[in-house]
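A short write-up of the structure that comes next.
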Amino acid sequence: LQIHTESAPQPDGSVLISAGVKVRNSGVGAARELRVQFGDPEDDAVERREQFRSLGPLQPGEAEEVRLTVRVRDPATHPELRLRVRANDVDSGESTAAALVIPLQGPGLQTGWLIPPKVTLSVPRGEASAPPARGGHGYRVQGRVEAAAGLTFVQVRLGGDKIFSRSAETEAKGPERVDFDAPAVLERGPNRVWVQARSSDGVEIHRSGWVLGEKAE
């Protein structure tokens with residue numbers, strides 16, 4: 001993600017924030033449709049003007065920009081605006097999000113590329129053809145998460161079950177790498193593994209992979 005914002009005072013005393021959000025496909029496959037949106041402001045004085053904007057398709061390495069707007073009704077009580085921006089892949093459900101602090105006055109926010117943590121799974125992403133679980137027992141979900149800024153949170157789920165979690169919220173800087181090797185019980189057929197990770201600079205990723213399981217005879 002790469003974000004730049006501009007603010008414009010309105011005749012009614014409110015301020016309109018316009019944000020250009022550029023999204024780059026850093027994956028290995030094409031993204032058919034991405035939806036980009038601000039998170040819920042959770043404040044009645046802040047109003048999102050769009051539910052989301054769509055872009056795509058994007059081939060690996062390609063980037064495209066959309067524009068989001070938000071209105072602050074009483075800028076005197078909001079010298080800066082704290083929001084999250086998220087880009088979600090419609091087909092896979094995978095997403096990248098970043099926490100933003102947007103000034104209401106001055107030149108606005110201008111970021112470089114906000115790089116999400118890198119997730120590597122021991123099974124191919126998006127494929128249900130990984131080796132079976134040897135009768136449904138003894139399978140281990142393995143992988144690695146990396147972020148140069150440090151990792152504050154890593155969680156791994158298999159279906160609805162949490163099988164690994166690591167938090168470094170209280171540390172001055174979290175580890176740059178977290179390896180996981182978690183026992184798992186697989187259901188027959190494809191099982192989805194979800195990895196959620198957040199770096200210390202507020203960039204978060206949800207990424208998934210598939211494991212094919214067979215129950216014991």
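Taking the criterion of being crowded, with 18+ Cβ neighbours inside 10 Å, more than 29 Å from E176 (Cα to Cα) and at pLDDT below 90, would at least one residue in the stretch 139-159 satisfy it?
no
Got a number for residues in the stretch 146-176 being touching a residue at least 12 places away in the same chain (Cβ under 8 Å), basic (K, R) and part of a strand (DSSP E or B)?
Qualifying residue count, the stretch 146-176: 2.
Considering G29, G61, which residue is exposed (fewer than 15 other Cβ atoms within 10 Å of the Cβ), out of contact with any strand residue (DSSP E or B) (no Cβ under 8 Å at 6 or more places or on another chain) and of a type outside the set (V, I, T)? Spell out the reasoning first.
Details: G61 fails: out of contact with any strand residue (DSSP E or B) (no Cβ under 8 Å at 6 or more places or on another chain).
Just one listed residue meets the conditions, G29.
Kindly indicate the residue of the stretch 64-94 that is within 17 Å of L16 (Cα to Cα) and in a loop (DSSP other than H, G, I, E, B) and also least open to solvent (accessible area, probe 1.4 Å) among those meeting that condition.
The residue in question is H78.
Looking at the stretch 177-200 only, could you name the residues that are open to solvent by 100 Å² or more (accessible area, probe 1.4 Å) and not in a strand (DSSP E or B)?
Within the stretch 177-200, the first condition is being open to solvent by 100 Å² or more (accessible area, probe 1.4 Å), and the residues that meet it are 177, 185, 187-188.
Within the stretch 177-200, V185, E187, R188 qualify.
The values are calculated or read from the model by the stated rules, or taken from the named source; none is laboratory data. Bear in mind the structure is a predicted one, so any value in this text is a computation, not a measurement. Please note: Cβ atoms are built from the backbone with ideal geometry, for glycine as well, and neighbour counts cover all protein chains shown. Just so you know, the surface numbers come from the protein's heavy atoms only, side chains and all, with ligands and any DNA or RNA stripped out. Shrake-Rupley method; radii C 1.70, N 1.55, O 1.52, S 1.80 Å.
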